[in-house]
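Enquirer: Can you read through this structure? Questions will come right after.
The values are calculated or read from the model by the stated rules, or taken from the named source; none is laboratory data. Everything quoted here is computed from the prediction, not taken from an experiment. Cβ: placed from backbone, ideal geometry, glycine included. Neighbour counts: every protein chain shown.
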Amino acid sequence: MITPKSYDILLLAINLTSCCNLACHHCYLDAGTLQQGNPNELTTTEICNLLNEIAQRSPETMIVLTGGEPLIRNDIEILIKQGTQLGLAMVVGTNGMLLTEKRVQSLKEAGILGVGISLDSLDPAYHDTFRGRQGSWKKTMIGIENCRRHHLSFQLHFSVTENNANELPAMIDFARSSGARVFNVFFLVCTGRGQFMSDISATRYEHILESLIEAQAQSQEMIIRPRCAPHYKRIAHQRQPKSLLNQISGMEGDGCIAGTHYCRITPTGGITACPYIPVEIGNIRQHPFWEIWDNEFKELRTPTLKGNCGDCEYQKLCGGCRARPLAAGGDLMDTDKLCTYKPQGNAIIQPLQPLNIKWSPDAEKRMTRVPAFLRKMVRKRAEAYVAELGEPLVTPKHLAVLSARRFGGKPTL
Ligand code: SF4
Ligand code: SF4
Ligand code: SF4
């Protein structure tokens, strides 16, 4: 039986609308133009009620308001304010075109923690073609500059394809110089409007992941990470098998958490395991969120993987992307065909188990400064780091070193 405590929700994405001011080739939501959209979209009150419900049981959750283009909705500040007052970490995923100075200020006043902005190239023509609208690159760049100028924390989201993969080093340099806190590299899942796109090859994918691991190791000022690329975990482990940090699985290890600690609400209230898995397992208009969450997603929570993933030593650390086989017409549990690894028939590598590491009172105190939704991850990483050093106790010094590694700058206590 699934108990509520076994599967805390740490990340909830809400598609506020299916309207969009762009028409990207790869859109998983098949988002329409400004004039379209669905008249049946969740109302302000329905979303506020959902936020209340989430906060009552899980106030450490991060809520990602996204779309379509979420800034098209003029109630987004109300939602951010409501979520922030409840203690939730409220962020927005946007194409950046509507991030005027005024909007940046109103989002900040509402209590937003940060925004994620999609930018796919430094070449305006490529970005505009990929995003389906002339002039979009310029508007997005203005949005980025407005965030920087008004000190609104932002991440850049880069959707990598065969056509822009060679831009990665330049994009990383740009992200760093623009003041982004994080540079996320998204690997497409060919679903929605993107179902007719050709994905990058598995070999190319592997090379990109290798280069991201190297770029992150050298990056002092900014986090660089792949998204929706679980076999990043396998590659990191192959490179440094003894590192305890590489043995952390799930949320704490940056792995896939679809259906275990993450789900998505569609514009009309449906619940899916992640935005790229379109199967709705319930609707918040018909049943309370927690009732659905506690009783569904069993397949993802106790997976029986098939094919290469089912034979793989890394299945507990990685497990592959579950959306990809589904999008390719297969079963949720099938092989993730974007992985080049051939299982060797060795024993399954077990994820890191709880360590016997203590915390100093000062380190515990410092943890209160860490945003609630990050605490579990920081704890697990700190304990793995201290164990790697052969020490028994986490101190503020360890936390400062980890923070500097992850967020840049010199370690400060
Ligand atoms: S991918 Fe995002 S920005 Fe592009 S059309 Fe879809 S919702 Fe709009
Ligand atoms: S199933 Fe795939 S697309 Fe969905 S969250 Fe996991 S890695 Fe990402
Ligand atoms: S075969 Fe599957 S589980 Fe193994 S590394 Fe590749 S994607 Fe991960």
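Enquirer: Considering only region 304-320, state which residues are assigned to a loop (DSSP other than H, G, I, E, B) and polar (S, T, N, Q).
Expert: Result: 304, 315.
Enquirer: Search region 283-338 for residues being of a type in the set (Gly, Ala, Ser) and either on the phi > 0 side of the Ramachandran plot or within 8 Å of ligand 3 (Cβ to nearest atom) (or both), and hand back the single one that is surrounded by the most Cβ atoms within 10 Å (Cβ to Cβ).
Expert: 320
Enquirer: Only residues in region 288-317 that are closer than 30 Å to residue 47 by Cα count as the first member; pair them with residues that are among the β-branched types (Val, Ile, Thr) and within 16 Å of ligand 1 (Cβ to nearest atom), Cβ under 9 angstrom, at least 6 apart or cross-chain, and list the lot.
Expert: 289/265
Enquirer: Further question: Here are 380, 337, 397: which of them is of a type in the set (D, E, K, R), outside any helix (DSSP H, G or I) and modelled with pLDDT under 95?
Expert: 337
Enquirer: Determine if region 238-260 includes at least one residue that is away from ligand 2 (no atom under 16 Å from the Cβ), over 19 Å from the mean Cα position of the chain (by Cα) and closer than 30 Å to residue 294 by Cβ.
Expert: Looking for residues that are away from ligand 2 (no atom under 16 Å from the Cβ), over 19 Å from the mean Cα position of the chain (by Cα) and closer than 30 Å to residue 294 by Cβ, one finds at least one in region 238-260, hence yes.
Enquirer: In region 69-162, which helices (runs of 4 or more DSSP H) lie fully inside it and hold 2 or more residues that are of a type in the set (Gly, Ala, Ser)?
Expert: Result: 101-110, 136-149.
Enquirer: Determine whether residue 157 is crowded, with 17+ Cβ neighbours inside 10 Å and touching a residue at least 12 places away in the same chain (Cβ under 8 Å).
Expert: Against the criterion (crowded, with 17+ Cβ neighbours inside 10 Å and touching a residue at least 12 places away in the same chain (Cβ under 8 Å)), residue 157 qualifies.
Enquirer: Which members of region 253-297 meet the condition of being farther than 28 Å from residue 234 by Cβ, of a type in the set (S, T, N, Q) and away from ligand 1 (no atom under 16 Å from the Cβ)?
Expert: 283, 286, 295 - these are the residues of region 253-297 that are farther than 28 Å from residue 234 by Cβ, of a type in the set (S, T, N, Q) and away from ligand 1 (no atom under 16 Å from the Cβ).
Enquirer: Only one of (1) at pLDDT below 95; (2) exposed (fewer than 14 other Cβ atoms within 10 Å of the Cβ) fails for residue 342. Which number is that?
Expert: Every condition holds for residue 342 apart from (1).
Enquirer: Determine whether region 137-150 contains at least one residue that is in contact with an Asp or Glu (Cβ under 9 Å, 6 or more places away or on another chain), of a type outside the set (D, E, K, R) and farther than 28 Å from residue 83 by Cα.
Expert: Yes, there is a match, as at least one residue in region 137-150 is in contact with an Asp or Glu (Cβ under 9 Å, 6 or more places away or on another chain), of a type outside the set (D, E, K, R) and farther than 28 Å from residue 83 by Cα.
Enquirer: Pick from 22, 42, 29, 65: which is under 17 Å from residue 118 (Cα atoms), part of a loop (DSSP other than H, G, I, E, B) and at pLDDT 90 or above?
Expert: Step by step, each of 22, 42, 29, 65 is checked, and only 22 is under 17 Å from residue 118 (Cα atoms), part of a loop (DSSP other than H, G, I, E, B) and at pLDDT 90 or above.
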